[in-house]
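Single-structure report; data block below.
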Amino acid sequence: MVTPITPPLYPLKESPSQTAGPYVHIGLTPNFCGIPGVYATDLGATMVGDNTKGERITLEGRVIDGGGNPLKDALVEIWQADADGIYKTRAEPGFSGWGRAPADGETGIFRFETIKPGRVAFPDGRLQAPHINVWIVARGINLGLNTRIYFEDEAEANAGDPVLARIEHRDRVPTLIARGGAGKYSHDIHLQGPQETVFFDI
Amino acid sequence: MKSNQTPIANFFPRDRSWHPKAYTPDYKTSVLRSPSRALIAFGNSLSETTGPAFGHDMIGPLDNDLVLNFASPGMSAIGERVIVQGRVLDERGQPVPNVLVEFWQANAGGRYRHKKDGYLAPLDPNFGGCGRTLSGDDGAFAFRTIRPGPYPWPNGPNDWRPAHIHFSVFGHGFAQRLITQMYFEGDPLIPRCPIVRTINDPKAIDQLTARLDMNASAPMDALAYRFDIVLRGSRSTLFENRLEGN
Ligand SMILES: [Fe+2]
């Protein structure tokens, strides 16, 4: 049974988004872009430590525009569960599940060293396949884009995943699945075109 | 392994007519960087309602002071000294405490410390251009900086950005993640800017325009501007909706 507790209130509107612009790396990865000394390290640059439980993986990819060119000014953040399928929502030492990577200025490649996430329940109790939540900002992107990365070598779990099941055009499902195995995965994100990646309204 | 974390309720859906559309051809870079297929919606799971947390121990004493955080000892950044302060709130007007707010900007001449910025205005050797802070228990945040200069950019034949500060804000859920820009009250470049104009509703633009706050200014030191940031709210108190057998 569903019991109303308080009436809905919407006194404020969300601040409207504006593009991250061409210099988002100044703000979010200053050491990477030639501004050393303000912060000791760039936040989100290191996700795993010696004691992190789980299978180590490397995830590399590019964000590609409608002309087929990789974005060299993009910034990608990921958020994932730990090996036990738990999201770490408190600031504590060790694996936090959050990472941030700039696209390389020459190749456009972003790279994360992390672990394969465990499975997380959907609200209806079904288990989601192992996945990484992705948020992309860059010049020319007016509102950050949300997508997910699943894993090619989790075919059975992917087949039962409730979010992948929401995708009506089944030929688009592979746009969310990283290729590879044995700890190394690659995954390009296409903003437009016949391979356009599935983006979510979450 | 299976998680036994309990999901919290969904965020309010994003009002995508309030935000800029992806495809805004007057802002030319959006043309090839805007997805054209429909976004796919689904109810929030823990993947969307949870997000990373950051501790106060991570923040250095000068992280929220762009006047000093890149300056040589005894020096400070050139420009009009300003304090920016406000609160991080959600759509229900509740404070959003202990979330990371990051900001970056051009120097007083409108030049960024970036190898791809070749604008004529000089770099300031004592200005880096980035800062960060955590919101307090009441959602409040503040930082000191110099007012950035406007700058020209290659879009139309003579487009200029109004003076602005870029903001990156975390909520408590990854689906609240937001990047935006703050403008300064009274700047005549605001209504002329193709990036500002990706937003359709003048009230939405007004929400990104910081107000001069004389009462918060520091006499003989710095003017203050007020800028509140609103993140998506959630329905968490609307329904008590427990899942069985999970
Ligand atoms: Fe800018």
- Query: Which far-off residues, 5 or more places away or on another chain, put their amide H under 5 Å from the one on residue B:82, with H placed in the peptide plane?
  - Reply: B:145, B:146, B:147
- Item | Phi-based couplings in Hz for segment B:215-225 (Karplus 6.51, -1.76, 1.60; Gly and Pro marked x) | 5, 8, 6, 9, x, 6, 9, 8, 7, 10, 10
- Message: I'd like the residues of segment A:63-83 whose 1.4 Å-probe accessible area shrinks by no less than 50 Å² going from the isolated chain to the full set of protein chains.
- Response: A:79
- Message: Leaving out ligands, DNA and RNA, and with a 1.4 Å probe, what % of the accessible surface on chain A is carbon or sulfur?
- Response: 52
- Note on the structure: Over chain A, with neighbouring protein chains present, the accessible area per residue in Å² at probe 1.4 Å is 40
- Grab the beta carbon distance between residue A:169 and residue A:10, set R0 = 41 Å, and tell me the FRET efficiency rounded to 0.05. 0.80
- Query: Taking all protein chains as present, what is the carbon and sulfur share of the accessible area of chain B, in % to the nearest whole number, probe 1.4 Å?
  - Reply: 55
- Note on the structure: Between residue A:31 and residue A:111, the two model label points (7 Å from Cα along the beta-carbon direction) sit apart by a distance in nm of 1.6
- Percent of alpha-carbon pairs separated by more than 15 Å within segment A:97-202: 66
- Query: What net charge is computed for the residues neighbouring residue B:18, neighbours being all others with C-beta under 13 Å from the C-beta of residue B:18, Lys and Arg scored +1, Asp and Glu -1?
  - Reply: +1
- Item | Solvent-accessible area buried by A and B, counting both chains, probe 1.4 angstrom, square angstrom | 8200
- Message: Could you give me D for segment B:62-199, from Stokes-Einstein at 20 °C and 1.002 mPa s, where the hydrodynamic radius is the Kirkwood radius over C-alpha pairs? Units µm² s⁻¹, please.
- Response: 134
- Å² of accessible area per residue within chain B, as computed with a 1.4 Å probe and no ligands counted: 43
- Note on the structure: In segment B:63-78, accessible area falls by at least 20 Å² from chain alone to full assembly (1.4 Å probe) for B:63, B:69, B:70
- Message: Buried by at least 40 Å² relative to the chain on its own: which residues of segment A:87-102 qualify, computing accessible area with a 1.4 Å probe on protein heavy atoms?
- Response: A:87, A:89, A:91, A:98
- Spelling it out for residue A:141: with amide H atoms placed in the peptide plane at 1.01 Å from N, the residues 5 or more places away or on another chain with amide H under 5 Å from its amide H are A:20, A:21
- Task: Give, in nm to one decimal, the length gained when the segment between residue B:115 and residue B:158 is fully stretched (0.36 nm per residue of separation minus the Cα-Cα distance).
- Result: 13.3 nm
- Rg [Å, one decimal], Dmax [Å, integer] - chain B, C-alpha atoms: 19.9, 65
- Percent antiparallel among DSSP beta bridges (both partners in chain B, rounded to 5): 75
- What FRET efficiency, computed as 1/(1 + (r/R0)^6) with R0 = 45 Å and r the Cβ-Cβ distance, is obtained for residue B:15 and residue B:72, rounded to the nearest 0.05? 0.45
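The values are calculated or read from the model by the stated rules, or taken from the named source; none is laboratory data. A quick note: this is a predicted structure, and the numbers were derived from the prediction, not measured. Using ideal geometry, Cβ is built from the backbone for each residue, glycine included, and neighbour counts are taken over all protein chains shown. Keep in mind that these areas ignore ligands, DNA and RNA; they rest on the heavy atoms of the full protein, side chains included. Shrake-Rupley method; radii C 1.70, N 1.55, O 1.52, S 1.80 Å.
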